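Step one of this worksheet: look at the structure below.
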Amino acid sequence: MSDNANPSPDSSADHRVAWVDLEHFRVTDYNPGSLPARATWYVVCELLFASALPLPSSWKCALLRCFGAQIGNGVVIKPRVRIKFPWQLRIGDHTWIGEGSWIDNLAMVDVGSHVCISQGTYFCTGSHDHRKQNFDLLTAPITVGDGAWVAARTTLLGGVSVGPNALVAAASMVHKDVPAGVIVGGNPAVVIRDRQKPASDS
């Protein structure tokens, strides 16, 4: 039999003890903004922005701008969209954010123009260093280029960049950069094929 089938007593005991010490968890290189700003945004988000009511997108964009977000023209934000920190968000012109999406932007999230973010998409800019006993917080930005489509129930992990005109298939897990003009899908997401340029309606 292999050694793995019969672990030594010391090895077995080691696995019964937690390898991380969450009591001494550390936050490194992370600035979420002032406490008053965070508290005020939390109330506004819960009462208005993340509501299931179909409030006009123009109102939601105005609220985001009041809290420091850079929002372009013609942006559409559907109900139940949740944004962690507006002051760490940039969105270009004529971009859509689908219902139930969560932009968990502990770091900057930069979404280009004419981008479609479909329902239930999750932007995960935070993680933890499992190699450190203190389970240090790690944050990294996310970028989505012009003309991209991130389909429903997709998760984008911190540090990734979705290239211009790329298409991320539904329910994908994106853990590395997506080249421009390709279709990716799966968990983890891999390149499926090139994306064809849509025909002009004119």
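As a summary of the residue check, Ser127 satisfies the conditions (1) in a strand (DSSP E or B); (2) within 23 Å of His94 (Cβ to Cβ) except for the one numbered (2).
Restricting segment 1-56 to residues that are at pLDDT 90 or above, among the small types (Gly, Ala, Ser) and part of a helix (DSSP H, G or I), the residue that is farthest from His94 (Cα to Cα) is Ala39. Residues of segment 183-202 that are surrounded by fewer than 16 Cβ atoms within 10 Å (Cβ to Cβ) and in a loop (DSSP other than H, G, I, E, B): Gly186, Asn187, Pro188, Gln196, Lys197, Pro198, Ala199, Ser200, Asp201, Ser202. No other residue among Leu156, Leu138 is in contact with a His (Cβ under 8 Å, 6 or more places away or on another chain) and either at pLDDT 95 or above or not in a loop (DSSP other than H, G, I, E, B) (or both) apart from Leu138. Scanning segment 57-99 for residues that are part of a strand (DSSP E or B) and not charged (D, E, K, R) returns Gln70, Ile71, Val76, Ile77, Ile83, Leu89, Ile91, Trp96, Ile97. If the condition is being crowded, with 16+ Cβ neighbours inside 10 Å and either under 17 Å from Ile83 (Cβ atoms) or among the small types (Gly, Ala, Ser) (or both), then segment 117-138 contributes Ile117, Ser118, Gln119, Gly120, Thr121, Tyr122, Phe123, Cys124, Thr125, Gly126. When Leu106 is tested against (1) under 29 Å from Asp194 (Cα atoms); (2) outside any strand (DSSP E or B); (3) not hydroxyl-bearing (Ser, Thr, Tyr), just one condition goes unmet, and that condition is (1).
If only residues of segment 168-182 that are part of a strand (DSSP E or B) and surrounded by fewer than 21 Cβ atoms within 10 Å (Cβ to Cβ) are counted, the one that is farthest from the chain's Cα centre (by Cα) is Val182.
Filtered by the rule that a residue be free of Cβ contacts under 8 Å to residues at least 40 places away in the same chain and under 15 Å from Arg82 (Cβ atoms), segment 92-110 gives Ile97, Glu99, Gly100, Ser101, Trp102, Ile103, Asp104, Asn105, Val109. Would you please name the residue that is nearest to Ala189 (Cα to Cα), looking only at residues in segment 139-150 that are surrounded by 20 or more Cβ atoms within 10 Å (Cβ to Cβ) and hydrophobic (A, V, I, L, M, F, W, C)? Top of the filtered list is Val150.
The values are calculated or read from the model by the stated rules, or taken from the named source; none is laboratory data. Keep in mind that what you see is a predicted model, and the values were worked out from it rather than measured. Note that each Cβ is placed from the backbone with ideal geometry, even for glycine, and that neighbours are counted across all protein chains shown.
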